[in-house]
Amino acid sequence: GRSITVDGVTATYTGGEGTTTLTGVAVDFSAIAANTIVQQTVTTSANSTITGLPTTFKNALIANLKNQIYIGSFTDRQVYISKVNDFKNFTFTAPVRLVGEGAIVTLDGTPNAFIPQESEMVIFAGQDQAYQTKFTLSSDLTAEQLTIERLKTTGLQSAQSQAWVTKIKNDVAYLSFEPIMNRLGRVDNVVLTQQVTDISFPIVNDMNSYDFDDGSAKYSKMFLYMAVPKEGVVRIYNMTDSSANVQHY
């Protein structure tokens, strides 16, 4: 796994990852220009090398929360969760799961997207479902129960895809199958559960006419960008005047 890619050129190294200088780099990168993109080279691990993950599982989704990896498939209702700090171990003790072990949760539909929110993982599934994980410690702090709680969603209120899910400040924004750009998070006077609210109502007619295939959503500096390539447009949700409760496209 000791490999970096600099401006498209990949090189191995022997050490130094815990310091500010890598050692034993196989390629001389001393002449690279300032602001060149440098990244850890992506490595691939077959399911057969991962304990507790079926070799035939068709990996499609991945997310991280509290140093645990969540892996989902578009063809399987089960979501596999790794052991803390060990992305290659998904095993757990049965019937009593120990703290920090791996886990499996079973949904009512196949998952579409994962996104961390607060201290839990939000999981969208099928066309109607949204869940959040819940960890509960035993009284002696040695065992840990992992459950999933169905959020208050109804028909067509699940996220269309991972690309259509993004964080916006304290909340999650996602495009549902309705299609509506929704905001999932806390609302005034409701503190126990997260709520779904519509933030695309001002452009409801446009939303109903768009083909959202291959699209995506991203948030940056108080603006939510909705890229709709099939229509050749990017819709921008302006949140800069939130103090006056004025938010518009």
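No lab work stands behind these numbers, since they all come straight from the coordinates. As the structure is a prediction and not an experimental result, all values here were calculated from the model. Using ideal geometry, Cβ is built from the backbone for each residue, glycine included, and neighbour counts are taken over all protein chains shown.
In table form, for the structure just shown:
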item: Entries in 66/169; 58/230; 83/169; 134/221; 58/83; 167/221 that, when Cα-Cα distance is taken, lie over 22 Å; result: 58/230; 83/169; 134/221
item: Chain lengthening between residue 56 and residue 177 when straightened (0.36 nm per residue, less Cα-Cα); result: 40.6 nm
item: Selected from 231, 149, 17 as most flexible by GNM, with the chain as the system and alpha-carbon contacts under 10 Å; result: 17
item: Among 16, 155, 126, residue whose mean-square fluctuation peaks in a GNM of the chain (springs only between Cα atoms under 10 Å); result: 16
item: Spin-label pair residue 139/residue 77, simplified geometry with 7 Å Cα→Cβ offset, distance in nm; result: 3.4
item: Theoretical gain in end-to-end length, residue 27 to residue 169 [0.36 nm per residue, Cα-Cα removed]; result: 47.1 nm
item: Residue 9-residue 221 pseudo-label distance in nm [points 7 Å out on the Cα-to-Cβ vector]; result: 3.3
item: Global geometry of the chain, whether rounded, prolate or oblate, following the gyration tensor of its Cα atoms and the 1.5 cut on a/c; result: oblate
item: Segment residue 38-residue 236, length gained on full extension (0.36 nm per residue, minus Cα span); result: 68.3 nm
